[in-house]
Amino acid sequence: MAAIEEGKVSDGLAGPLDQMECVSFPPVNRFAICGGTHGNETSGVYMVREMQKQKIEKVGSVSITTVLSNPRAVDACKRYTETDLNRCFTDALLSAPITDSTPYELRRAHELNAQLGPKGSEEAVDLLCDLHNTTANMGLCLIFYSLDWITLHIYKYIQSKITSVPVRAIQLDIAPSEAYSLEAVGKHGFAFEVGPQPNGVLRADIFNMVKEGVDLTIEWLQQFNSGSTFEGGEVEAFTFAKSVDYPRDPATSEIAAAIHPQLQDNDFKLLRPGDPIFLSFSGETVKHEGEELYPFFVNECAYYEKKTAFHLARKSTLTFPSIRVKKD
Ligand SMILES: [Zn+2]
């Protein structure tokens, strides 16, 4: 319902969905595909390198820019070298002056913002898709900030075409100025988060999910730009609610438990009060308390340093209008 409310405000829509007007958007011609924002998430690294090798720069009406976002971290096969690049794209960090002590990744964020943005400007690429892997069993996820009709339509399209793995959407309720990840630089943007895949490892099944997602996005853009009308509808999305840390030793702050086997690999399976979430090293089970929520990023390797064992989300239904390209 939130989407309808939002539609009323931003697009002058009124009434229930079947009476919604078709909303028109300018063509989505300039598409940036980024990989290696985290240097040890290999699907995006090899996807971008392959597209560069094949010189894929234009597909029909869509001009394509491929970017290896964090080459230094890719070379080192690390998530980052000095600071997490995918936390550097807030308005505050992008407008901070560069000094001798500015970390490499923040310098890189400024370069990427100049190349693909500037964030929030007319010059920004029309769509930015950033390719990520997770060690969690999340299948293919689209992660985005605002309720963006273009992104929701692409999501629905991909979901209708890929049936071999679950395709889900995760919405982060964060204002554009605070949006910290690379996809926020585009006029429209989302991340593909695909797993499970260990850091530094390349798996063909996971690579193919990423490739299918990218190919279907390009296919959708071509159909949209050539005048197809995409019918409105609704999709399910998971909205971030909160993060859960590991139980810790109060004296040392070291973790004192692992993800419980019943939670491991069960991303997006509803957690009810009393369901096991951790197994302590002394053999005690820690149970979920409070409201029923959906876990995701369960046992994500990169989140140990962020003191996050998993995130929890609420499931909601997002309703969106029919859209078509705006004719000059
Ligand atoms: Zn990542």
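Every read-out reported here was derived from the displayed coordinates using simple, explicitly stated rules and does not represent laboratory data. This structure is a prediction, so every number in the text was calculated from the model and none was measured. Cβ coordinates were reconstructed from backbone atoms using ideal geometry, including for glycine residues, and neighbour counts include every protein chain displayed.
Can you give the FRET efficiency to the nearest 0.05 for VAL286 and ARG314, using r as the Cβ-Cβ distance and R₀ = 22 Å?
With R0 = 22 Å, the Cβ-Cβ based efficiency is 0.50.
Who wins for biggest fluctuation among ASN133, ASN225, ASN208 in a Gaussian network model of the chain, springs between alpha carbons below 10 Å?
ASN208
In degrees between 0 and 90, to the nearest 10, how far off the longest principal axis of the chain does helix 42-53 point, with axes built from Cα atoms?
30 degrees
Order of HIS153, HIS38 from fewest to most other C-beta atoms within 10 Å?
On the way: HIS153 22, HIS38 26.
Final ranking by Cβ density, sparse to dense: HIS153, HIS38.
Using a 7 Å offset from the Cα along the Cα-to-Cβ direction at both ASP205 and ARG248, what is the distance between the two label points in nm, to one decimal?
Roughly 3.5 nm, to one decimal.
Loop sites only, by DSSP: take the trypsin sites (Lys or Arg not before Pro) in the chain that have at most 16 other C-beta atoms within 10 Å and name the longest stretch containing none of them.
79-202
Measuring from label point to label point, each 7 Å out along Cα→Cβ, what is the THR229 to GLU178 span in nm?
Each label point lies 7 Å from its Cα, and together they span 3.9 nm.
So what does log10 I(q)/I(0) come out to for the stretch 74-166 at q = 0.17, 0.19, 0.21 Å⁻¹, using the Debye formula with one equal point on every Cα and no solvent?
-0.95, -1.09, -1.19
Looking at the P(r) of the stretch 9-162, how many percent of alpha-carbon pairs lie beyond 22 Å?
Cα-Cα pairs of the stretch 9-162 separated by over 22 Å account for 51 percent.
Could you identify which residue out of SER69, SER146, SER282 has the top mean-square fluctuation in a GNM of the chain using Cα springs shorter than 10 Å?
Comparing SER69, SER146, SER282 in a Gaussian network model of the chain, the most mobile one is SER282.
Sum -39500 (n - 2.57) across every DSSP H segment of at least 4 residues in the chain, then divide by the residue count to get the 222 nm mean residue ellipticity, nearest 500.
Helix-only estimate at 222 nm: -7500 deg cm²/dmol.
Hey, how many Å between the Cα centroid of the stretch 215-240 and the Cα centroid of the stretch 244-317?
Distance between centres, Cα-based: 33 Å.
GNM on the chain, C-alpha springs below 10 Å: top fluctuator among ALA302, ALA73, ALA96?
Its mean-square fluctuation being the largest, the pick is ALA96.
Cut-off under 12 Å on the C-alpha distance; same-chain residues fewer than 8 positions from LYS306 excluded. Which aspartates and glutamates are left, in chain and number order?
Straight-distance partners of LYS306: ASP84, ASP245.
If you take the Cα Rg of the chain and divide it by 2.2 N^0.38 Å, with N the number of residues, what do you get?
1.01
Rounded to the nearest 5, what is the percent of antiparallel bridges among the DSSP beta bridges in the chain? Numbers along the way, then the final one.
Working: 30 of 58 bridges.
Approximately 50 percent, going by the DSSP bridge assignments.
Taking neighbour counts of Cβ atoms within 10 Å as a proxy for exposure, in what order, fewest first, do PHE320, PHE268 appear? Intermediate results must be reported in sequence, preceding the final value.
Numbers: PHE320 27, PHE268 19.
Sorted ascending by nearby Cβ count, the order is PHE268, PHE320.
Once you have a ≥ b ≥ c as the square roots of the Cα gyration tensor eigenvalues for the stretch 204-280, tell me rounded if a/c is under 1.5, and otherwise prolate or oblate according to whether a/b is larger than b/c.
Because a/c hits 1.5 or more and a/b exceeds b/c, the stretch 204-280 counts as prolate.
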